[in-house]
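Working notes, beginning with the structure itself.
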Amino acid sequence: MIKSKSISRIIALILISIFTTITLVLASNQISITAQKSEIRGVWITNIDSDVLFSNSATTVAINRLAKLNFNTLYPTVWQGGYTLYPSQVAQQIFGKSLDPTPSLQGRDILREIITEGHEKGLTIIPWFEFGFMAPADSELAKLHPNWLTKRRDGTTIKMEGEDARVWLNPFHPEVQQFILDLILEIVTKYDIDGIQFDDHFALPAEFGYDDFTVKLYEKELPGLSPSDDYQETFWVRWRADKINNFMERVSEEIKSIKPNCIISVSPNPFHFALPAYLQDWFTWEREKWIDEIVLQVYRSDIKRFTKELERTEVELAKNHIPFAIGILTGLKNNSTPIRTIEEQVEVVRKRNFAGVSFFFYESLWKWGKESENLRSQTLDKIFDRPISRPKNSSYSSTFLLSRISFSCLRSIPVGKGNRGIF
């Protein structure tokens, strides 16, 4: 005789299949129509390996150039290297410096410049909270607040990013949460932004979380238990990911209470890496309506690997719920992506009815390639051959109910060997 639990599992799986199929069919038809009328055409603007932010004239030239090429969205960095790139009273109170100390930035408000000039050109401006919970190991922030830093099991705090030594602020610590939230709300309140974006750094590398504060919090909530020595153990991953989920919910609610129409954008890594490696459960964020837009970082040079990331189930479900764009790597310093590869990846994204693309990053759109800057610019002009508006969330609302039902069915499946580690 089949056990009742087995029957419930079978029924739940059948319901998932039915509702997911209906959701995808309806959404595919709807978004195919939407895609013809709207598209995210974004680019990240950073202060690393780039001169675009270091003079008002360079910033103006960049905005004019992007507008002429029919881009419609800018994601300028505002929190990078342990400093803000705008005059910040919050940062001033915490570590005595209100701005990145680079001399050419003193006396300027880059964010206000970009907003003013970008809006004049009809561009959507979504500041990019680039460093999230990460900070340089030698930053003023790290030196002044060592108790805010989280640790590995062996007590170390530094994680290398290439040649750069980084530390991570503890996302479970209430003082850290309040500092990050204050920075976010300062931007939302002070500036006429269209949205704000968080990326893969709005999370925590899974090897961290063994600081005294977090361990004591875990043991208080779960008497008799201690964090696993294996930082990828399922429950230990889930407990920390849920804490970050709770903070993301708070961030979302606070932003919307101040500016209801503010687009909350997230640019994460693919989910199969984001959750186990960085405790970032962005799929729950979009299911719970805490975010309004996803720009998935799919930095793959091989077109087969690139395409495979676009075909994952969680991506298909999410793109039918909210505007879902794909982040394309246009190159790094002295390592440019061939313009034909960029063109091919945009074609793949469009063929699969995503909401658009964003390129990382501005400088590499034209520089460091084997092709001439003029040829790369001409190709971009061909890719975006006419002006077009960004998609609106209302275009996705009719599929939301069915996708929510699918998610509820998925959560109802009993957790056991073979389906652990996500929900």
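Readers should treat all values here as calculations from the given coordinates under stated rules, not as data from a laboratory. Remember, predicted model here, so these are calculated numbers, not experimental data. Heads up, the Cβs are rebuilt from the backbone with ideal geometry, glycines too, and the neighbour counts pull from every protein chain shown.
At-a-glance table
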{"item": "Spin-label pair K121/K97, simplified geometry with 7 Å Cα→Cβ offset, distance in nm", "result": "3.0 nm"}
{"item": "Area projected by the alpha carbon convex hull of segment 40-391, averaged over all directions, nm²", "result": "17.2 nm²"}
{"item": "Sorted peptide list for 103-113, 75-85, 236-246, criterion being average Cβ within 10 angstrom, highest first", "result": "75-85, 236-246, 103-113"}
{"item": "Restricting segment 300-372 to GluC sites (Glu not before Pro) in coil, as DSSP defines it, with at most 11 other Cβ within 10 Å", "result": "E311"}
{"item": "Segment 315-382, Cα convex hull volume normalised per residue, Å³", "result": "81 Å³"}
{"item": "Mean Cβ neighbour count within 10 Å, used as a protection proxy, ranking 250-258, 131-139 highest first", "result": "131-139, 250-258"}
{"item": "Protection proxy ranking, peptides 217-230, 273-286, average beta carbon neighbours within 10 Å, highest first", "result": "273-286, 217-230"}
